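One structure below.
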Amino acid sequence: MHSLTLAEARERAELISVTSYAVELDLDQGAEVFGSVSSIAFTCGSPGADSWVDVKARSIESIMLNGTALDPAEVAGGRMPLRDLAAENVLVVRATMAYSHDGQGLHRATDPADRRDYVYGHLFLDAAPSVYACFDQPDLKAPYDITVRAPQDWVVLGNGAATASGPSSPGEWRLATTRPLATYFVTVCAGPYVSVRDEHDGIPLGLHARASLREPLERHAAEIFTVTRQSFDYFHGLFGIRYPFGEYHQVFVPEFNAGAMENPGCVTFRDQYLFRGAATRDELLSRANTVSHEMSHMWFGDLVTMKWWDDLWLNESFAEYMSHRCLVDATEYTDAWVDSSIVRKVWGYGAERSPSTHPVAGVEALDAQSALQNFDGIAYAKGAAVLRQLIAYVGDEAFIAGVRAYLTDRSYSNGTLADFLGAIERASGTDLRAWSSGWLLTADRDTISVDLEEQDGVVRSARLLREVPAAHPADRPHALDVAGWTDGVAVSRVDVMAVGDETPLDGLAGSAHPAVLVPNSSDLTWARVRLDDGTLDALPVQLSRVPDAQARAVIWSALIDGVHVADVSPVTFLDVFEATWVLEGNASILTRMALYAEHRVVPHFVPRQGQARALARLARSAGDLLARAEEGTTRSLAAARLLAGTSADESLLRAWAEGSGLPRGLEDDGDFRWIVVRNLASRGLIDGAAVDSFRSRDDTLQGALNALMCRAALPVPEAKSWAWDQLTGRHGRSNYEMVHLARGLWMSPDDGLVADYVERYFTDVPAMSAWVGEDALSRVVLAAFPKVFTEATETLSRAALRRDDLTPAVRRSLVDADAELREALASRATFGAAMGVGIAASPM
Ligand SMILES: [Zn+2]
């Protein structure tokens, strides 16, 4: 298949304007294929010219251009040539399309709970032609009329309000004519979905999920509607433009690759967001953030769409920034920026450390697929941080005025980075060329630290130091603050605009030397924070006394960065964790640091021989917190989950797996039970038959996926070879199934059991691009990357990266996984020996 190039898109947009689409989908043709008739009315600016339409079909029944039949055999690489176009044209393509199972295109999944099928369209980034013939590029917008035939007991949802055309079999549904949409925003969700409906400010609202998720859907509906209402009110006020797409449906769909997708009027979400068991506060915050994020896209992204994929940041950086702003200003989640620091920015900093790092904007995406590679923590978290810097630079009033002008001037059309910055420049009267060159157009980040002189515990002088990365030099002015605490008492705080390599912090002079000094303590800027040695040494005693959760999040983020670049020993991280975690009051920090310690710090940075002791330390902290936390709270839940995942106490695990002695609130929590079962399985304390019996007690999609992971995690060679075959063979496994198999496979008590799959990974997994979509495969490549942290793995990884036959998604994920491997090796080389001593001497 061709991936559309920028040059082709420009040329086609010069030539063609699409007037309208009429799309008929027939979803009543069984589980494999569906019928698709696409009628496109379009004009051609140079009559007589040639172009093409995009179509990726199982078979094409007919193609009619202006009443003349064209030969479908001419379709090659997903393109049908169109010759000698008239000024006004009508193209009708009748085709049979295949459902997908990798979350791209029209995805079809069977719910194991009741064997009923669900369909949803996810047409991002270039999957639209696998659902309907179209001119697939973001700047050829048009209104849509969509009709759907589907089994009679199904519900149909889409971008326009759906109306069933009377009792017929199969059922027929018509969706209201849409506003002009980009091709990748079109969706249809169909199946026996169950619904909760409401209304707000004249906007009909709907929440929808699989029938087997009716209970959690109804339990969570009030909370989701509340955030939806608050976000509508907030964005109406902020943007000054009414929500333009009619009804607003939020559909929770199975096996969704991302968090959600901002289809106008019909947003799709991963259905794990309907937490079936207990949920921590940060999980609710995270869902609220996604709800608000997609809503902000209705303006940024949907009403005004980027002209080409290289301005993807316009969408994602904005939505990331706006959703956090909305949560803080308009909802109960007033600590959303703390969550951003510890969840989103930690993700973004990881992307920034990889050799795949790239500027927020201005990377010319030569084709659509290569743009997908930049859909990462840089586009989201760094982009949002950079927007906060922009606001500090031009002022909030001017920023919002510029945003309003941009949205108003380009409604139902497209915009570019230059258009957007132009609007901010006009509103603020500020020249942004130098600013955007440093912050938007240059990759990487500065490292900031404080150099301080003291005498008798009093600060004499202090400077903020900025180190510019040699590979990506730029002048990035930082609006930030520096703050210090001793025993929980704030002893100093200073706001600065740091320009150049040294900025005096005069405001600190004369104040007491704080025990803990935190550069960027409000986390306004994007930089690596290097904590001074005194602060690092003081953290086990002092961190939990710092009253400002935002500053604690910055400290944890700095520790994580330090571990990854082999500046901070993983033992230091675990020491701070053991001393302070049980006292942590912020839900996001509490749960995220537990996950990070268990799933990243120990497996990546602690050598094999020390891992059991390191996990025992985590389990001890977890047991401690579980004993003191009030049952049913986020603290209790976080403690129970960490204990379930790390404990070596077989009798406790067996009791919990059987449902006895569980902390209150976890009695019927299937997801919690799977954490316990996974621990039992990976330790070899249960066998495959036992996993199957737990599976039969949780006959759901989540149960099936967890059972796959647990079977793959069994520490016996047969389990590993089975998992490898299921993962890399053509068994029709879904995107989610492959990721779960990969996660389980590398759980192993030693490297020997999984050694065979290190070399095979580098041949078998890239070959999967023959049948797995790029979006799904990029996740599989990361999940399946060998968790055997040796130089032999590194040699194979380096060799793989020299190949010239990797698809863009495989290469990008390999680059990132290889970078993580080298971080682990560097840390082990620096601290491994010392850790061996430390592990032997102290009870890790
Ligand atoms: Zn988004």
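The values are calculated or read from the model by the stated rules, or taken from the named source; none is laboratory data. Treat the numbers as computed from the prediction; the structure is a model and nothing was measured. No Cβ is skipped: glycine too gets one built from the backbone with ideal geometry, and neighbour counts run over all protein chains shown. Accessible surface areas use protein heavy atoms only, side chains included; no ligands, DNA or RNA. Shrake-Rupley method; radii C 1.70, N 1.55, O 1.52, S 1.80 Å.
Things worth noting here:
- Taking the criterion of being part of a strand (DSSP E or B) and either in contact with a helix residue (DSSP H, G or I) (Cβ under 8 Å, 6 or more places away or on another chain) or among the aliphatic types (A, V, I, L, M) (or both), the residues of the range 93-120 that qualify are VAL93, ALA95, MET97, ALA98, SER100, GLY105, LEU106, ALA109, ASP111, ARG116, VAL119.
- Inter-residue pairs, beta-carbon under 7 Å, first assigned to a loop (DSSP other than H, G, I, E, B) and in the range 492-519, second of a type in the set (Gly, Ala, Ser), 6+ apart: LEU505/ALA462; ALA509/SER461; ALA509/ALA462; SER511/SER492; HIS513/GLY457; PRO514/GLY484; PRO514/SER492; ALA515/ALA538
- For the range 435-447, the condition holds for at least one residue, the condition being that it is assigned to a strand (DSSP E or B), modelled with pLDDT of 95 or more and open to solvent by less than 80 Å² (accessible area, probe 1.4 Å).
- Odd one out for ASP409, checked against (1) without any contact (Cβ under 8 Å) to a residue 60 or more places away in the chain; (2) open to solvent by less than 40 Å² (accessible area, probe 1.4 Å); (3) closer than 22 Å to PRO138 by Cβ: (2)
- Some residue of the range 287-303 being within 12 Å of the ligand (Cβ to nearest atom) and either open to solvent by 30 Å² or more (accessible area, probe 1.4 Å) or in a strand (DSSP E or B) (or both): yes
- Looking across ARG344, ARG353, ARG404, one residue alone is within 16 Å of the ligand (Cβ to nearest atom) and among the basic types (Lys, Arg). It is ARG344.
- Of residues in the range 248-264 being in a loop (DSSP other than H, G, I, E, B) and within 16 Å of the ligand (Cβ to nearest atom), the one surrounded by the most Cβ atoms within 10 Å (Cβ to Cβ): ASN263
- Residue within the range 769-790 that is modelled with pLDDT under 95, among the aliphatic types (A, V, I, L, M) and open to solvent by 20 Å² or more (accessible area, probe 1.4 Å) present: yes
- Single condition GLU820 does not satisfy, out of (1) in contact with a His (Cβ under 8 Å, 6 or more places away or on another chain); (2) open to solvent by less than 30 Å² (accessible area, probe 1.4 Å): (2)
- Residue within the range 368-382 that is without any contact (Cβ under 8 Å) to a residue 40 or more places away in the chain, open to solvent by 30 Å² or more (accessible area, probe 1.4 Å) and more than 16 Å from the ligand (Cβ to nearest atom) present: no
- Among residues of the range 765-782 that are within 15 Å of GLN373 (Cβ to Cβ), those with a beta-carbon under 6 Å from a residue that is small (Gly, Ala, Ser) and open to solvent by 30 Å² or more (accessible area, probe 1.4 Å) at least six positions away or on a different chain give the pairs LEU777/SER769.
- Some residue of the range 36-55 being of a type in the set (D, E, K, R), buried (at least 21 other Cβ atoms within 10 Å of the Cβ), touching a helix residue (DSSP H, G or I) at 6+ places or on another chain (Cβ under 7 Å) and part of a strand (DSSP E or B): yes
- Selection within the range 795-827 - more than 19 Å from ALA783 (Cβ to Cβ) and either in contact (Cβ under 8 Å) with a residue 24 or more places away in the chain or charged (D, E, K, R) (or both): ARG798, ALA799, ARG802, ARG803, ASP804, ASP805, LEU825, ALA826, SER827
- Test result for THR503, over 30 Å from ASP575 (Cα atoms), open to solvent by 10 Å² or more (accessible area, probe 1.4 Å) and among the hydroxyl-bearing types (Ser, Thr, Tyr): yes
- Count of residues meeting criterion [buried (at least 21 other Cβ atoms within 10 Å of the Cβ) and hydrophobic (A, V, I, L, M, F, W, C)] in the range 457-493: 7
- Odd one out for ALA87, checked against (1) open to solvent by 30 Å² or more (accessible area, probe 1.4 Å); (2) modelled with pLDDT under 95: (2)
- Residue count for the range 265-285, restricted to those that are within 14 Å of the ligand (Cβ to nearest atom), crowded, with 22+ Cβ neighbours inside 10 Å and not β-branched (Val, Ile, Thr): 1.
- From LEU543, LEU524, LEU505, LEU464, residue being in contact with a helix residue (DSSP H, G or I) (Cβ under 9 Å, 6 or more places away or on another chain), closer than 29 Å to ALA434 by Cα and among the hydrophobic types (A, V, I, L, M, F, W, C): LEU524
- Considering the conditions (1) out of contact with any His (no Cβ under 9 Å at 6 or more places or on another chain); (2) in contact (Cβ under 8 Å) with a residue 24 or more places away in the chain; (3) surrounded by 17 or more Cβ atoms within 10 Å (Cβ to Cβ), GLY171 is excluded by exactly one of them, (2).
- Residue that is nearest to ARG711 (Cα to Cα), among those in the range 742-763 that are open to solvent by 40 Å² or more (accessible area, probe 1.4 Å) and assigned to a helix (DSSP H, G or I): ARG743
- Neighbours by Cβ (under 7 Å, 6+ apart or cross-chain): first from the range 688-716, closer than 10 Å to HIS740 by Cα; second at pLDDT below 95 and part of a helix (DSSP H, G or I): LEU705/TYR736
- Residue in the range 324-339 that is within 11 Å of the ligand (Cβ to nearest atom) and buried (at least 24 other Cβ atoms within 10 Å of the Cβ) present: no
- Taking the criterion of being of a type in the set (Ser, Thr, Tyr) and farther than 15 Å from TYR132 by Cα, the residues of the range 26-77 that qualify are THR43, SER46, SER51, THR68.
- Index of the failed condition, LEU65 passing every other in (1) surrounded by 15 or more Cβ atoms within 10 Å (Cβ to Cβ); (2) closer than 30 Å to PHE256 by Cα: (2)
- Taking the conditions (1) of a type outside the set (Ser, Thr, Tyr); (2) within 16 Å of the ligand (Cβ to nearest atom); (3) closer than 21 Å to SER413 by Cβ in turn, LEU238 satisfies each one other than (2).
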